[in-house]
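Below is one structure, written out as structure tokens; comments come after it.
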Amino acid sequence: MADEYKDDFLYVGKDYRRKDGPEKAMGTAIYASDITLPNSLFAKVMTCPWAHAKIKKMDTSKAEKIEGVVDIIRYDDPRIKDTKLMSSWNHPFTAYLTENVEELKDFLPSEGFYDGEEMGVIIVAESEDICEEAMNAVEVEWEQLPFVLDPEDSIKKDAPIYYPGRETMIGNGNEIPGCEFSMGDVDKAFKESDEVWTVPVAEPMINWVGAEMPQVTCNWEGEDVVVYAHTQQPYDLSLYTAANLGLKQCQVKVITPYSGGTFGERAFVQHFNDQGITYIAAMVAKQHKRPCKCFINRADQFRSARSQCYMHGEIKIGANKNGKINAVSIKNFTSHQRAGLWITGSAYSGYDHFTDNTCVQNIKMEDHCAVTSQPPGWWFRCEQNIGSYNLGIVNSEVAHKFGLDPTDVAILNNGYEGHDVDYLYNIAKEHGLPTRDSLKACIETGKKAFGWDSKFHADGAKKLPNGRYHGVGFIWDHAWNDNVNTITVGLSLNQDGSVNILGQRDDLGTNDKTTYSQIAAECIGIPYEMVNYRCGDSTAPFQLKNPGGSMGVISQSRGIMRAAKKLRTAIFDKALTLNLPEFKDAVVDDLDLKEGYVFKKSAPNAKVHISDIAATCLPYATQPWGISCKGVIMVYDTNVTKRKWGYPDGGTRPRFARQCHFIEVEVDPDTGEIFMTNINNVVDVGVVISPKSCRGQAYGGAMQGLGRAYSEEYIYDKTYGVILNPDLQEYKIVTMLDFETAEAELEESHNAGGEWGCGGIGEDVATLIPAILSDAVRNAIGVSITEQPITPDKIIMALKDKK
Amino acid sequence: MKDKDEEKAVLSRRQFLKDAGIVLGTSAVGSAALLSACGTNEITKTDTVTKTSTVTKNVTTTVVEKETLPLPIETENGRLLISFTVNGKKFDATVEPRETLHHLLHEQLGFKSVKTFCSRGGCGSCSVLLDGRPVLSCMTFASSVGGKDIWTSDGIGKEMPELIEAYIDNECMQCGYCTPGFIVTAAALLKRNGNPSTDEIREALAGNLCRCGTYPVHIKAVHEAASAMGGK
Amino acid sequence: MKNFKQYYPTTVDEAAKYLKENPKDTYIVGGGTDVIGAMKDFILPTYPVALVSLDKIPGLTGIKEEGDYLIIGAMTKVEDLAMSDLLKSKYTCLAEAASRTASPHLRESGTVGGNLCQMTRCWYFRHNNNQFDCVRKGGSTCYALTGETRFHSIFGLTKMCAAVNPSDLAPAMVALNAVAVTNKKEIPIEKLWSFAVPGSTTLDHDEIITSFKIPKFTGKSCFYKASVRRTIDFPIVNGACAIDASGNARICLNAVAMTPHRCTEAEETIKGKSITESLAAEAGAAAVQKAKAIPGTGTSNEYKIEIAKGVIKKVILGCK
């Protein structure tokens, strides 16, 4: 398709050999958990084995006698008396979101409020094995206390109260102000609808399951501490660590080598698994004058932090036979972590994917968010899962209710804040932005690639020769084109004309090293090979608020573009001081830089290579080594309950880009097993920077999203409140055999928020995919299953009920 | 410092195939084992393993043969002395009975490509080739590998550059933490089956978890590696 | 892990001697894939003081037909069963069961003997640090009964324990009428497990399986495993059916009770009849007549009864 907005890119849009590829394929890439410094000690912290329990008596004498145990730090140890960890409240970035949450967290309490909470005792030993052995030898007499797992139960009057006397809370003290929203007149709209019905919804509590476990090594260099951590926020971790240790932030250096799977969860610096274990490692290292590695084993990692809370609730839908949705009323109960940690969930619940993406005019949201005995957590690609799920389920429900094609229902209801698409793209037009209908384009591409028209059929209508039912599913949402991050990027020109992108970062695996180098090469006008982006620790000159994380390419492309403009000006300034014949009589505006050569626009053939200019920037005291430029971009909106994201130069904007997905499944009616045979992801990525990486992000997101829908969940014992499956065998993430083929199609509307209109990919796909499985299973067996994950038990029981 | 043994071990594939059948010196046993099964689908080694001799105290002179299953030698503090090859290079090490092969490789010997993801046998990230089999080093006692031939992804990468290139070219890595485990498993497959079908690739890699979700591209990469290696 | 004494005997007798000398808390190690996990998680009521590895004993591996039997060495890796052309062509259900066991890597380490002797996967039994002193560990409570039973027994309790046998090879071995050969005696495979014994097997403490003998089989056989995901998973329900040349069927389900569950009712149903889809479904229904769900307080295992029916139907149809 001809694209009127296509820029004439030299480096963007091409596949380059991944800069991190060789190291990662060979296995020579080093991660924080690979680092064991010579003479290192190891530390492990106890976790609460029950849903809510207090230590009555602890006997560590057997543990002390084990050879290789170096130190045991108990909850009643005078060395840690009154020690508290930083809370979100003290954090400048998140403080505005946490007005209800002000306590500092006790460092090593004697009471645990969920299965897996770090508490009680720390074992310091010569090896990990000895730590585990000694921890097992600690004898504790527990007092088990009342607990509650379900958020709906937690807000009831007779629920055990987690925070007596907490004025800032509402209800019985367990409830956290959730979100309430109302638009239009829901009751009136229900009355005017052809059909009104209610569906239950549930999303399981899930875990990020990063491949690398949270581990921290600390080593003191005199009065300063060096931290090697598996974190997404090196800068924030240095802030917290300094505060916890009573240091100045400039005394803490956090180094993040490669990171084994972060997905947002490792941005959770507030959690014990980040600041807590860092504090332990630093404290032990200081006391024993040896490096110390504090580790969390996989079971404790599962039990101590979840990544998405458990949600259940219901959605009341009012719609007409043609598929037009008149009203949606949502009631969600979301399980919450104890305070002292940043709230997630409530502020991001439920309704906003209807306001952002549809012309539905009557929307009501009631969200109850309550503290339960489930672990705290951050995000796993990403916090908008509930809103996205609700939109997906409603689209699917309406289509199946009236026997419509779900792609038609999507197009019919696409819009913005109760208005139709024309209204949406008129806004784009007013701002000089592209006006192509992104959803239509995505659906058209996807249908063709998938063969939708020949595969779509009535519910339960196609039984295959192998005895399984065939089903297809569809889902849509906006593409992640928010611009949420404050970032700063530096570019430094080296003596040979090559450029470094500067900024603290960690590697999330999104191929940012290559992608950002492509962007910088394009923006500056030098060959791709002359740009590199290497890791910077927390003391690096520029702080990238969310390095490489959510929609990294949107914020960073803008930052890089701004820095590049300044760098180009600086280079031109320098060029003009050299009195070269090529630039005779020129001013800065007359010059251009392309493919590494500076030339006068009026005489493009008389060119000077950038290295000849860079070489003149000598390291004299009066002259900096090279030229560095900082690009700053600060666009974020603090009004979280009514989110709209900024235009590059201020103001707010709707989301213009969309995405949709198609899936083909087979469902075995005898065993309830789902076989996912074919997945087509269509994402309007705005602009493709690095095609293979874009597709990789799309598949990757799909695999993660399908896991949530298909097999992943925390399983609790309801009598004791403990987690039964804290391991990779029983907590089931998707494997190579759980699907057959996956394809990704990339649409380019140039309207997804970043430089040239580029946008995010992996996170959004992972977030909105789950609902697609409900849609496909319903198409296969004609039964609505909207409480996920859709495991064989649910399918079997639904089929039994149908009979 | 480049070890002499290591240099010898890095035989080119072509050279090895030319010499196939010739018994190599002990220092290159690893290489031979890695490549020896090329082009065959058969697994025969389990049928006739018999022990002909135990290892002498002087482990450095041990010749690793298929029929020999050397026993670990008990040293002080209940530690066990074993001798084995990693990536074609010979090692002696003493281990605790509780020590896993993962710990021995990653912590004692510094083979950092052997990762740990689940550490309970459920993910494939700690895979190594053990006498040609892709096994989980986190579920293998270090003391049991005496006389065995071990390959890790960094060693395999040098022997099978085509596989590494295909992995880079197809961007089979995102965070990259699980990638070495895939390389080991894919190498084991290719050495048994030079021209695997898509389903055979999926089945072989089924035990490797990737949380980034890179699965679809691995299939393509292994096909490409197989064809670059000549389908042997 | 805690440290322990590691034995590497080179003969079966030597291995038995070590077991005899260390009567309690001494475990046999085959591939190690079960016991290492158990030791890492501290799930056992008392920690093993010694392990006796069978790894260095020659002659315990291999798959061959000899006389009237197929002989499989107890230390043969599960993957070798999955890849064996002999099994694929003649003992199909066993090759299929092997290929669906755990993951490829675990099959490369895990042995046939170990697979059949593995401990239950009950998540109360397996809870870290031996937190639940359940019946299987000598306690008096089965925590599953008041908890999460979704993968638990539908065919009654063993001494008040609701756990199931998770082996994928077991139903195939039962269908093929295998015999476990130990250093002491020959045990018909169904007697390897018992409702009366709460341990994983009925073997004596110093008894070691050396091989499995399967009567030469010329009929058709089929295995099916229903699971949440397609690999690295234990069965929800699995089953195998073997119909010999003279039309006699042996059908077995697993993961439905503490021992593999021979389905004589299903065998009777199809006896002497030509297999059709409705007959297979009828056999499935007959097989689960005595099944009973344990609701617990989480997801009830009622659905497993339906899946058991389905598995029976599939394995019978697979022998058509």
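The values are calculated or read from the model by the stated rules, or taken from the named source; none is laboratory data. All values derive from a computational prediction rather than experimental measurement. No Cβ is skipped: glycine too gets one built from the backbone with ideal geometry, and neighbour counts run over all protein chains shown. Ligands, DNA and RNA are excluded from the accessible area calculation, which covers all protein heavy atoms including side chains. Shrake-Rupley method; radii C 1.70, N 1.55, O 1.52, S 1.80 Å.
Couplings 3J(HN,Hα) for region A:24-41, derived from phi with the Karplus relation 6.51 cos²θ - 1.76 cosθ + 1.60 (θ = phi - 60°), are 6, 6, 6, x, 8, 5, 9, 10, 4, 6, 6, 8, 10, 6, x, 6, 6, 8 Hz, where x marks Gly and Pro.
Projecting the Cα positions of B:ILE156, C:PRO295, C:GLN118 onto the charge dipole of the protein assembly as shown (unit charges on Cβ atoms of Lys, Arg, Asp and Glu, taken about the Cα centre) puts C:GLN118 furthest along the positive direction. Segment A:ASP422..A:ALA603, full-extension length gain: 60.6 nm, with 0.36 nm per residue of separation and the alpha-carbon distance subtracted. Per-peptide packing, taken as the mean over residues of other Cβ atoms within 10 Å, places C:36-46, A:202-212, C:100-110 in the sequence C:100-110, A:202-212, C:36-46 from highest down.
Each of the peptides A:561-571, A:53-63, A:672-682 was scored by the mean count of other Cβ atoms within 10 Å over its residues; in descending order, highest first, they stand as A:672-682, A:561-571, A:53-63.
Using protein chains only and a probe of 1.4 angstrom, how many square angstrom of A:LEU706 are accessible, to the nearest 10? Its heavy atoms expose roughly 0 Å² to the probe. Comparing C:ALA308, C:ALA196, C:ALA163, which has the greatest mean-square fluctuation in the GNM of chain C with Cα pairs linked when under 10 Å apart? Maximum among the listed residues: C:ALA196.
Distance from the Cα centroid of region A:201-237 to that of region A:393-445 is 40 Å (rounded to whole angstrom). Here the label points at A:ARG79 and A:ALA449, each 7 Å from Cα along the C-beta direction, are separated by 5.7 nm in the simple model. Considered as an equivalent ellipsoid built on the Cα gyration tensor, region C:135-284 has semi-axes of 27, 21, 13 Å, the largest given first. Summary of packing: across the peptides A:418-424, A:765-771, the per-residue average of other C-beta atoms within 10 Å ranks them, highest first, as A:765-771, A:418-424.
Once C binds A, the 1.4 Å probe can no longer reach about 3700 Å² of accessible area, counting both sides.
Compute the FRET efficiency between C:GLU21 and C:ASN129 as 1/(1 + (r/R0)^6), taking r as their Cβ-Cβ distance and R0 = 30 Å, and round to the nearest 0.05.
FRET efficiency, C:GLU21 to C:ASN129: 0.55.
With the simple model of a label 7 Å out from the Cα in the direction of the Cβ, A:GLU180 to C:ALA293 spans 3.9 nm. The modelled label-to-label distance for the pair B:ASP199/A:THR741, using points 7 Å beyond Cα in the direction of Cβ, is 1.5 nm. Farthest toward the positive end of the dipole of chain A, out of A:PHE456, A:ALA570, A:ASN494, is the Cα of A:ALA570, where the dipole comes from beta carbon charges about the Cα centre. Note on the protein assembly as shown: helix-only mean residue ellipticity at 222 nm, from DSSP H runs of 4+ residues weighted -39500 (n - 2.57) and normalised by residue number, equals -8000 deg cm²/dmol. If you plug the beta carbon distance of C:LYS64 and A:ASP15 into 1/(1 + (r/R0)^6) with R0 = 30 Å, you get a FRET efficiency near 0.05. Here is the interface size for B with A: some 4200 Å² of accessible area buried, both sides summed, with a 1.4 Å probe.
Backbone phi angles across region A:321-329, fed through the Karplus curve with coefficients 6.51, -1.76 and 1.60 (θ = phi - 60°), yield HN-Hα couplings of 4, 7, x, 6, 8, 8, 8, 9, 10 Hz in residue order; Gly and Pro are listed as x. Mean-square fluctuations from a GNM of chain C, with a 10 angstrom spring cutoff on Cα atoms, peak among C:GLY67, C:GLY310, C:GLY30 at C:GLY67.
Please compute the contact order of chain A in relative form: average sequence separation of alpha-carbon pairs under 8 Å and at least six residues apart, divided by the residue count, as a percent. All intermediate terms of the calculation are to be shown ahead of the outcome.
Values: 2032 pairs, mean separation 121.7, N = 803.
After rounding, I find 15 percent.
Shown for region C:161-281: lysine pairs separated by 8 or more places, or found on different chains, whose C-alpha atoms are under 23 Å apart, numbering 9. Taking only protein heavy atoms and a 1.4 Å probe, the accessible area of region C:1-51 is 52% carbon and sulfur. Of A:MET183, C:MET83, C:MET258, the order by accessible heavy-atom surface (1.4 Å probe, DNA, RNA and ligands excluded), from most exposed downward, is C:MET83, A:MET183, C:MET258. In terms of overall dimensions, the C-alpha atoms belonging to the protein assembly as shown reach 100, 80, 67 Å along their principal axes, ordered largest to smallest. Contact order for region B:87-126, expressed relative to its length and based on alpha carbon pairs under 8 Å spaced 6+ residues apart, stands at 25 percent. Sorted largest first, the spans of the alpha carbon positions of region C:1-89 along the three principal axes are 44, 28, 18 Å. Each chain gives up part of its surface: B and C jointly bury about 3300 Å² of accessible area, both sides summed, for a 1.4 Å probe. Shown here is the pair-distance distribution of chain C: with all Cα-Cα distances grouped in 10 Å bins from zero up to the longest one, the shares run 6, 27, 35, 23, 7, 1 percent. Cα centroid separation, region B:70-118 to region A:667-709: 40 Å.
Residue by residue through B:142-148, how many Cβ atoms from other chains fall within 10 Å of the Cβ on average? Intermediate results must be reported in sequence, preceding the final value.
Working: counts 0, 5, 9, 1, 3, 1, 0.
Per residue, the average neighbour count from other chains is 3.
Can you pull a Stokes-Einstein diffusion coefficient for region C:1-51 at 20 °C (1.002 mPa s), Rh from Kirkwood over Cα pairs, as a whole number of µm²/s? D = 188 µm²/s. Enumerate the aspartates and glutamates that B:LYS90 could reach by cross-link, defined here as Cα to Cα under 15 Å, with residues fewer than 8 away along the same chain left out. In chain and number order, the partners are B:ASP3, B:ASP5, B:GLU6, B:GLU7, B:GLU65, B:ASP131, B:ASP149.
A 1.4 Å probe run over the protein assembly as shown, with the rest of the protein chains in place, finds 33 Å² accessible per residue.
Enter the mean number of other protein chain beta carbons within 10 Å of the beta carbon of each residue in A:668-678, as an integer. Present the calculation step by step, with values, prior to reporting the outcome.
Numbers: counts 4, 2, 13, 15, 7, 9, 2, 1, 1, 0, 0.
Rounded to a whole number, the mean comes out at 5.
Over chain C, calculate the relative contact order: mean separation of alpha carbon pairs under 8 Å at least 6 apart, over the residue count, as a percent. For chain C, the relative contact order is 18 percent.
Converting phi to 3J(HN,Hα) with the Karplus coefficients 6.51, -1.76 and 1.60 and the offset θ = phi - 60°, region C:170-186 yields 4, x, 5, 4, 5, 4, 8, 6, 6, 10, 8, 9, 10, 5, 10, 6, 10 Hz in sequence order, with x at every glycine or proline.
Computed across region A:249-309, the Kirkwood hydrodynamic radius from all distinct Cα-Cα pairs reaches 13.2 Å.
Starting from the Cα-Cα distance between A:LYS56 and A:ASP106, subtract it from 0.36 nm times their residue separation and give me the gain in nm to one decimal.
16.2 nm
Binning the C-alpha pair distances of region A:720-803 at 5 Å intervals from 0 yields a P(r) profile of 3, 9, 13, 17, 16, 14, 12, 7, 5, 2, 1, 0 %, listed from the shortest bin outward. Shape analysis of chain A based on the Cα gyration tensor places the equivalent ellipsoid semi-axes at 41, 39, 23 Å, largest first. Compared with the direct C-alpha span, the chain from A:THR719 to A:THR28 gains 244.1 nm at full extension, assuming 0.36 nm per residue.
Using the beta-carbon distance between C:HIS205 and A:ASP801 and R0 = 51 Å, what value does 1/(1 + (r/R0)^6) give for FRET efficiency, to the nearest 0.05?
Numbers: r = 49 Å, r/R0 = 0.96.
The computed FRET efficiency comes out at 0.55.
Quote the charge dipole size of the protein assembly as shown about the Cα centre in Debye, to the nearest 20; the model charges only the Cβ of Lys and Arg (+1) and of Asp and Glu (-1). Write down the numbers at each step before the final one.
Values: 146 positive and 171 negative charges, 413 e Å.
Taking the Cα centre of the protein assembly as shown as origin, the dipole is about 1980 debye.
Across peptide C:230-239, what mean number of C-beta atoms from other chains lies inside 10 Å of a residue's C-beta?
Numbers: counts 12, 11, 16, 8, 2, 0, 7, 2, 0, 0.
Per residue, the number of nearby Cβ atoms from other chains is 6 on average.
Centroid-to-centroid, using Cα positions, region B:153-232 and region C:30-60 are 31 Å apart.
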